[in-house]
Number of protein chains: 2
Amino acid sequence: MAEALDVPTHLTPEKADFSKALAWVDGEVVPLDQARIPVRDLGLMYADMTYDVVHTWRGGFFRLEEHLDRFLASCAGLRLDPGLDRAGLRRRLGDLVLRSGLSDTLVYFACTRGTAVPGTRDPARHVAHRFFATVTPLILRGQPAEMRRGLHAMVVADVPRIAAASVNPHWKNSHWGDFQRATFAAKDAGADVPILLAPDGSVAEAPGFNVVALLDGALVSPADNVLPGISCRTMFEIAAELGIPARYGRLMPEELRRAEEVFLTATSCGLFPVTRLDGAPVGAGVPGPVTARLLNTYYARKNAGWHITPAAAAAGQETTR
Amino acid sequence: MAEALDVPTHLTPEKADFSKALAWVDGEVVPLDQARIPVRDLGLMYADMTYDVVHTWRGGFFRLEEHLDRFLASCAGLRLDPGLDRAGLRRRLGDLVLRSGLSDTLVYFACTRGTAVPGTRDPARHVAHRFFATVTPLILRGQPAEMRRGLHAMVVADVPRIAAASVNPHWKNSHWGDFQRATFAAKDAGADVPILLAPDGSVAEAPGFNVVALLDGALVSPADNVLPGISCRTMFEIAAELGIPARYGRLMPEELRRAEEVFLTATSCGLFPVTRLDGAPVGAGVPGPVTARLLNTYYARKNAGWHITPAAAAAGQETTR
């Protein structure tokens with residue numbers, strides 16, 4: 001029998017108030033539906049950009065500094081200049097959340113190479129990079145019934161994840177062509193989500209998710225060929241508190257198939273149980289006890305303010321409470 | 001001594017009248033500098049899009065049907081629906097060029113997966129795809145002095161081209177992270193442009209260019225791991241007329257280094273000579289005689305109307321001449 005999954009039920013597409021969604025773009029705060037960028041932005045033309053996504057929970061950012069760490073590292077690696085340092089980014093994102101009046105949000109922020117210079121393809125020529133950000137109501141992927149059912153995943157072996165030597169996965173990027181192609185393949189075969197392998201045949205990532213397996217009582221998530229996921233790290237920290245061993249390492253698809261439990265991690269859900277893999281049940285075919293404990297502890301911790309930075313503090317304002 | 005390169009001199013950034021540039025986006029024709037798309041367009045967020053670029057020469061599209069072939073094949077492969085069939089695309093692009101009043105243009109046209117549906121990453125959910133197009137003054141890459149100097153290229157072996165199994169290069173796409181990374185590496189080393197290898201070590205592409213080598217009197221361009229380039233095909237057709245053998249095949253970097261001549265092909269230049277490779281001269285270190293004959297014949301043919309569709313004919317209007 002599956003353990004109870006204490007996931008919130010109020011953050012659904014139906015209940016989300018998108019009229020409050022805002023964006024900061026080209027120096028202005030505008031309603032999200034007016035937020036646009038030029039069609040000649042190199043982020044669009046050549047996927048020449050980075051981004052990150054942090055969420056707020058009950059009015060506070062979850063692990064804001066780690067998302068800023070990653071964004072700044074991505075910008076440095078890709079030689080992109082958002083025009084804001086860490087303090088400026090923190091204030092900008094905090095201010096945007098406060099202005100929206102929303103408490104549970106997804107905050108997407110990005111830096112592109114800016115608008116194309118006519119007649120050149122030289123990225124070094126593009127000196128005016130473009131930073132923008134959006135704040136939208138947090139919609140939790142995985143309402144309770146969906147979480148109980150879990151995701152049906154499929155290893156799509158013939159669409160390998162883009163090699164790290166080609167596009168560095170540590171620099172969060174918009175190169176999702178492999179993910180989209182594998183998603184169509186998985187859905188064509190009746191699955192919900194693909195799991196992609198690295199060029200060496202080991203497990204890499206699912207689209208926007210890190211993959212975690214419980215193998216012989218220990219959690220394992222791929223060390224290489226993946227974005228260093230902050231939600232995955234969070235689950236590993238919770239696992240340590242709960243006395244569950246967890247490590248980054250090489251994970252082979254055959255190990256995934258014999259795992260006791262499998263789940264995916266992402267900001268939009270914390271984690272999402274995988275209950276079927278390649279048409280066969282994972283473990284008992286329901287979310288397993290370790291998965292449930294991690295998810296329930298995740299929400300309990302967040303509700304208690306763990307790793308939370310109030311939006312007002314990020315914005316540099318005194319809280320009025 | 002280098003042969004004369006009869007390239008036009010009037011299509012420079014300085015002479016380009018961008019005030020005439022137009023875009024067709026979301027059902028409207030607007031000046032280019034007002035052409036914007038939502039920041040939540042999946043073409044931006046996840047590089048989930050395709051595009052093509054055709055040019056007009058003296059008021060007529062060059063090889064329009066082949067660009068439409070490729071665009072439609074890319075859309076089909078990526079399951080994108082531009083909302084226009086071939087005739088509709090032809091009319092839309094023709095009309096846009098006519099309205100601009102420009103005769104020598106670059107026409108960029110794209111289809112994205114459209115605006116993100118909140119709370120989902122499922123590409124099959126995005127039913128309203130977005131088609132847009134821009135027309136800008138044609139700026140020829142490679143003015144005569146630049147063409148005579150040629151490009152100094154560098155094989156950047158440690159940044160392989162994204163594998164075809166991950167992102168199909170036949171479907172023209174915006175996944176340029178490898179190209180940009182390799183461009184920075186080449187420029188850091190004092191070269192102008194990188195040449196990327198396929199995962200198997202054979203020559204693939206340069207950023208937006210096909211690579212062609214003259215080896216033992218015959219032209220060779222990579223058959224696999226590349227976009228099927230229309231300018232490359234054009235040069236091969238001209239070569240056939242001139243009695244120069246040309247074939248698609250496997251091209252290794254060491255063959256490139258001992259080639260008599262090397263050039264890159266793209267819509268924005270026809271071809272561009274490569275005069276240095278990895279710091280050493282290619283052949284005599286000046287554009288070679290075959291390169292020059294191909295380029296000069298290319299312009300002579302285009303000036304004579306070869307493969308040209310007048311914009312008015314594309315737009316479905318009778319020409320008034």
Kindly evaluate B:Ala311 against the criterion of being under 30 Å from A:Ala47 (Cβ atoms), modelled with pLDDT of 95 or more, among the small types (Gly, Ala, Ser) and crowded, with 23+ Cβ neighbours inside 10 Å. no
Considering each of A:Leu68, A:Leu64, A:Leu72 in turn, give the residue that is surrounded by fewer than 21 Cβ atoms within 10 Å (Cβ to Cβ), among the hydrophobic types (A, V, I, L, M, F, W, C) and under 23 Å from A:Ala312 (Cβ atoms). A:Leu72
Filter result (surrounded by fewer than 24 Cβ atoms within 10 Å (Cβ to Cβ) and more than 14 Å from chain B (Cβ to nearest Cβ)) within the range A:42-61: A:Trp57, A:Arg58, A:Gly59, A:Gly60
Which condition number in (1) buried (at least 24 other Cβ atoms within 10 Å of the Cβ); (2) assigned to a loop (DSSP other than H, G, I, E, B) is the one that B:Trp171 fails? (1)
For the range A:110-129: of the residues being facing chain B (nearest Cβ under 10 Å) and at pLDDT 90 or above, which is farthest from the chain's Cα centre (by Cα)? A:Thr115
The range A:131-157 - residue that is closer than 30 Å to A:Val29 by Cα and assigned to a loop (DSSP other than H, G, I, E, B) and, of those, modelled with the highest pLDDT: A:Leu138
Given the criteria in contact with a strand residue (DSSP E or B) (Cβ under 9 Å, 6 or more places away or on another chain), within 22 Å of B:Trp176 (Cβ to Cβ), among the small types (Gly, Ala, Ser) and crowded, with 24+ Cβ neighbours inside 10 Å, does B:Gly77 qualify? no
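Out of the range B:267-281, which residues are more than 18 Å from B:Ala145 (Cα to Cα) and modelled with pLDDT of 95 or more? Before the answer, list the steps.
Narrowing the range B:267-281 to residues more than 18 Å from B:Ala145 (Cα to Cα): B:267, B:277-280.
Correct list: B:Leu277, B:Asp278, B:Gly279, B:Ala280.
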Can you name the strands (runs of 3 or more DSSP E) wholly within the range B:1-87 that have at least 1 residues being at pLDDT 95 or above and under 18 Å from the mean Cα position of the chain (by Cα)? B:49-57, B:60-62
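Please determine, by comparing only the residues of the range A:162-181 that are within 7 Å of chain B (Cβ to nearest Cβ) and farther than 13 Å from B:Phe179 by Cα, which one is farthest from the chain's Cα centre (by Cα). I'd like the intermediate steps shown before the answer.
Keep residues of the range A:162-181 that are within 7 Å of chain B (Cβ to nearest Cβ), which gives A:162-163, A:165-167, A:173-178, A:180.
Add one more test, that the residue is farther than 13 Å from B:Phe179 by Cα, and what stays is A:162-163, A:173-174, A:176-178, A:180.
Details: A:Ile162: 18, A:Ala163: 19, A:Asn173: 11, A:Ser174: 12, A:Trp176: 13, A:Gly177: 17, A:Asp178: 17, A:Gln180: 16 Å.
If we take residues in the range A:162-181 being within 7 Å of chain B (Cβ to nearest Cβ) and farther than 13 Å from B:Phe179 by Cα, then A:Ala163 is farthest from the chain's Cα centre (by Cα).
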Which condition breaks for A:Pro38 when tested against (1) under 30 Å from B:Leu22 (Cβ atoms); (2) within 13 Å of chain B (Cβ to nearest Cβ); (3) out of contact with any Ser or Thr (no Cβ under 6 Å at 6 or more places or on another chain)? (3)
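Confirm whether A:Leu140 is more than 10 Å from chain B (Cβ to nearest Cβ) and either touching a residue at least 40 places away in the same chain (Cβ under 8 Å) or over 30 Å from B:Phe184 (Cα atoms) (or both). Full working, then the answer.
Numbers: more than 10 Å from chain B (Cβ to nearest Cβ): no; either touching a residue at least 40 places away in the same chain (Cβ under 8 Å) or over 30 Å from B:Phe184 (Cα atoms) (or both): yes.
In short, no.
Scan B:Gly208, B:Gly243, B:Gly229 and give me the residue that is assigned by TED's automatic domain parsing to the domain that holds B:Asp178, over 29 Å from B:Ala157 (Cβ atoms) and small (Gly, Ala, Ser).
Going through B:Gly208, B:Gly243, B:Gly229 in turn, the sole match is B:Gly243.
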Determine whether the range A:2-10 contains at least one residue that is among the acidic types (Asp, Glu) and in contact with a Pro (Cβ under 6 Å, 6 or more places away or on another chain). yes
Being touching a residue at least 60 places away in the same chain (Cβ under 8 Å) and among the aliphatic types (A, V, I, L, M) narrows it down to one of B:Val53, B:Val107, B:Val127, so name that one. B:Val53
Could you tell me whether the range B:231-244 includes any residue that is farther than 30 Å from B:Ser103 by Cα, without any contact (Cβ under 8 Å) to a residue 60 or more places away in the chain and more than 21 Å from the chain's Cα centre (by Cα)? yes
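So that you can scan it fast, the table gives a plain yes or no per residue for (1) in contact with a Pro (Cβ under 6 Å, 6 or more places away or on another chain); (2) assigned to a loop (DSSP other than H, G, I, E, B); (3) assigned by TED's automatic domain parsing to the domain that holds A:Gly279; (4) within 22 Å of A:Thr267 (Cα to Cα):
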position	(1), (2), (3), (4)
A:Leu93	no, no, no, yes
A:Leu96	no, no, no, yes
A:Ser103	no, yes, no, yes
A:Phe109	no, no, no, yes
A:Phe179	yes, no, yes, yes
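The values are calculated or read from the model by the stated rules, or taken from the named source; none is laboratory data. Model, not experiment: these values are computed from the prediction. Cβ atoms come from the backbone with ideal geometry, glycine included; neighbour counts cover every protein chain shown.
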